[in-house]
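What follows is a single structure, written as structure tokens, with notes after it.
The values are calculated or read from the model by the stated rules, or taken from the named source; none is laboratory data. Predicted model, so just to flag it, every value in this text is computed and none were measured. Ideal geometry is used to build each Cβ from the backbone, glycine not excepted, and the neighbour counts take in all protein chains shown. Areas reflect the complete protein model, heavy atoms only, side chains present, ligands, DNA and RNA absent. Shrake-Rupley method; radii C 1.70, N 1.55, O 1.52, S 1.80 Å.
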Amino acid sequence: MNKVYNNRAWWLILPMLLLVAFSAVIPLMTVVNYSVQDVFNANTRFFTGTEWFKEMLNDPALQAAVLRQFAFSITVLAIEVPLGIGIALIMPKKGWQASAVLILVTMPLLIPWNVVGSIWQIFTRGDIGLMGWSLRQLGYGYNITASPVDAWATIILMDVWHWTPLIALLCYSGLRSIPDAYYQAARIDRASKWAVFRYIQLPKLTNVLVIGVLLRFMHSFMIYAEPFVLTGGGPGSSTTFLSQSLTTMAIGQQDLGPSAAFSLIYFLIILLVTWVFYTAIMNMQKDDNKEA
């Protein structure tokens, strides 16, 4: 007897498909259209082919911004992932202490991005900011408007403070999902804490770490509001990342063709690196499963 399939349920997702089309597909096609044209006004435009892409790829300012962006993303990931795992491991598992710690850890995530930049701008001021004033009292001439090193260190510290809780919460949920039978077997075998972490906890955290790393990479690679509010891209262009360069080109200079090509290159970089991250992490998980 042939099974009868009722495909009318597909109509239920039609509103979602229309929403995606209007919010993602149509704007993307518009950007692709602008990227191959030289737009003067609404009625005057000329086809340029791949000229804007070649110009953007050979732009020294864009190349420098790409290097700064990769340096920033790699640095914050290298700090936030181990730190988030460590915080999750020491967080209480039961009782009112667990609820209180969860609330405290979550608080930085609830603050809007532009407000985070404003908070740290005040926090780092040498006259009224606790951090800036304290460092100057210790004899260090801390100044994010004059020193690229201070500006970079502050932006990294700000991002770590803001987004490490996300990694911690994801890892905490992963640790809570591990059955007690695994820990009981480890106690019977007299396994050390490192052995428990290496062979029980870390493999079980792989899936949530994949989500955490991908989310944090994509966001860190698109960061805009926090460094823009804190440093404005300075001193000079030392903290000018890709998103700020794109905004300046598209809105400040009204260069629609180059900025459209720039945004597509930006999108492809994120897509490619995300795929590489995902593939590498999943291959590591397969190797660990084979060893087990």
Exercise. For Arg45, which sequence-distant residues (separation of 5 or more, or a different chain) have an amide H within less than 5 Å of its own amide H, given hydrogens modelled in the peptide plane?
Worked result: Phe40
Problem set entry | 5 angstrom amide H check on Arg125, placed H, neighbours 5+ away | Gly132
For this session: Answer with one residue from Ala78, Asn207, Met218: the one whose Cα lies farthest towards the positive end of the charge dipole of the range 49-291, charges on Cβ with Lys, Arg +1 and Asp, Glu -1.
Result: Asn207
For this session: Find, among the chymotrypsin sites (Phe, Trp or Tyr not before Pro) in the range 129-237, those assigned to loop by DSSP (not H, G, I, E, B) with at most 15 other beta-carbon atoms within 10 angstrom.
Result: Tyr140
For this session: Quote the relative contact order of the chain in percent (integer), defining contacts as alpha-carbon pairs under 8 Å separated by 6+ residues.
Result: 27
Exercise. Which value at 222 nm does the chain reach when only helices count, each DSSP H run of 4 or more adding -39,500 (n - 2.57), with the total divided by all residues and rounded to the nearest 500 deg cm²/dmol?
Worked result: -21000 deg cm²/dmol
For this session: Assign unit charges at the C-beta atoms only (+1 for Lys and Arg, -1 for Asp and Glu), then state the dipole size of the range 49-291 relative to its Cα centre in Debye, rounded to the nearest 20.
Result: 1000
Seminar exercise, completed: In whole angstrom, the spacing between the Cα centers of the range 230-274 and the range 78-97 equals 34
Exercise. Full extension from Ile26 to Tyr183: what is 0.36 nm times the residue separation minus their Cα-Cα distance, to one decimal in nm?
Worked result: 51.4 nm
Problem set entry | Helical segments meeting 18 Å axial Cα length and Kyte-Doolittle -0.5 threshold in the chain (DSSP H) | 60-90, 148-176, 206-221, 256-291
Exercise. Taking H as built 1.01 Å from N, whose amide H comes closer than 5 Å to the amide H of Gln37, not counting residues under 5 places away?
Worked result: Thr48
For this session: For the chain, give the percent of accessible area contributed by carbon and sulfur heavy atoms, probe 1.4 Å, rounded to a whole number.
Result: 68
For this session: Starting from the Cα gyration tensor of the range 1-133, multiply each eigenvalue by 5, take the square root, and state the resulting semi-axes largest first in whole Å.
Result: 42, 34, 17
Problem set entry | Which labelled figure in [x] 25.3; [y] 22.6; [z] 17.1 is mean projected area of the Cα convex hull in nm², once derived from the coordinates | [x]
For this session: Diagonalise the Cα gyration tensor of the range 85-193 and give the resulting equivalent ellipsoid semi-axes, square root of 5 times each eigenvalue, largest first, whole Å.
Result: 38, 16, 12
Problem set entry | Pairwise FRET efficiency - Val101 versus Phe40, Cβ, R0 = 41 Å, nearest 0.05 | 0.10
Problem set entry | In order through the range 236-250: 3J(HN,Hα) via Karplus (6.51 cos²θ - 1.76 cosθ + 1.60), integer Hz, x for Gly, Pro | x, 10, 5, 10, 8, 8, 4, 5, 6, 4, 5, 5, 4, 5, 7
